[in-house]
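Input: a single structure, listed below in structure tokens.
The values are calculated or read from the model by the stated rules, or taken from the named source; none is laboratory data. In this text the structure is predicted, and so the values were computed from the model without any measurement. Cβ placement follows ideal geometry from the backbone for every residue including glycine, while neighbour counts extend to all protein chains displayed.
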Amino acid sequence: MSELPEFYFRVRENGAAVYRVDTQNRQRRIEMTEIAVINVKNGRVKPHGSHELTPEETTVIDDWMAERAALLARRDLDDIHRTVDHLNLTAQWAQGRASDAELEDVTDRLLLAMHDLRSVLVRKKADRLAPRDKG
């Protein structure tokens, strides 16, 4: 059997519950003791109950939060690339397979969403292209 990690992070919305894993007990059972709750979005770490985090625990939690934030950022970008593919597939569907009723069902929502997205992208592109004010 492989060695279990010393800490377990139960992912939840906006962060995780952090547990210390213990297998060094008499019954050789896996015991998990909650030590903290963390919020990746705002960086908060709240020790569980009266537990005081050790420097080692704080380091492990900080490292996990940095890795998690990087993973979520990669996933966000991957979702955007997938959206581009979905837009292309949607265009192909609308052109070749969609019925009039199906198009009626989605056209207004798609047009509004695409108009909103286009407006944001054009504004952001203009901001990036505008000469930087050096004053």
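Table: residues versus (1) aromatic (Phe, Trp, Tyr); (2) modelled with pLDDT under 95; (3) in contact with a strand residue (DSSP E or B) (Cβ under 7 Å, 6 or more places away or on another chain).
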{"residue": "Gln24", "(1), (2), (3)": "no, yes, no"}
{"residue": "Arg29", "(1), (2), (3)": "no, yes, no"}
{"residue": "Glu34", "(1), (2), (3)": "no, no, yes"}
{"residue": "Pro47", "(1), (2), (3)": "no, no, yes"}
{"residue": "Asp62", "(1), (2), (3)": "no, no, no"}
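Which count do you get for residues in segment 64-76 that are within 16 Å of Asn39 (Cα to Cα), of a type in the set (D, E, K, R) and either modelled with pLDDT under 95 or surrounded by fewer than 13 Cβ atoms within 10 Å (Cβ to Cβ) (or both)?
1
Scan segment 50-61 for residues that are touching a residue at least 12 places away in the same chain (Cβ under 8 Å) and either exposed (fewer than 13 other Cβ atoms within 10 Å of the Cβ) or not in a loop (DSSP other than H, G, I, E, B) (or both) and jot them down. Write out each step before concluding.
Kept after step one, since they are touching a residue at least 12 places away in the same chain (Cβ under 8 Å), are these residues of segment 50-61: 51, 53, 57-58, 60-61.
Within segment 50-61, Glu57, Thr58, Val60, Ile61 qualify.
Taking the stated definitions as given, is Arg28 basic (Lys, Arg), in a loop (DSSP other than H, G, I, E, B) and either in contact (Cβ under 8 Å) with a residue 40 or more places away in the chain or over 30 Å from Leu110 (Cα atoms) (or both)?
yes
Can you confirm whether segment 8-18 contains a residue that is under 30 Å from Arg109 (Cβ atoms) and among the hydroxyl-bearing types (Ser, Thr, Tyr)? Walk me through how you get there before you give the answer.
Residues of segment 8-18 that are under 30 Å from Arg109 (Cβ atoms), as a first pass: 13-14.
Narrowing further to those that are among the hydroxyl-bearing types (Ser, Thr, Tyr): none.
Checking segment 8-18: not a single residue is under 30 Å from Arg109 (Cβ atoms) and among the hydroxyl-bearing types (Ser, Thr, Tyr).
If you check every pair at least six apart or on different chains, which have Cβ atoms under 7 Å apart with a residue in segment 1-21 that is more than 15 Å from Ala36 (Cβ to Cβ) first and a residue that is in a strand (DSSP E or B) and not hydroxyl-bearing (Ser, Thr, Tyr) second?
Leu4/Val21; Pro5/Val21
If the Cβ limit is 7 Å and pairs must be 6+ apart or interchain, which residue in segment 71-84 that is under 15 Å from Gly15 (Cβ atoms) pairs with which residue that is among the small types (Gly, Ala, Ser)?
That search, which allows pairs on different chains as well, returns nothing.
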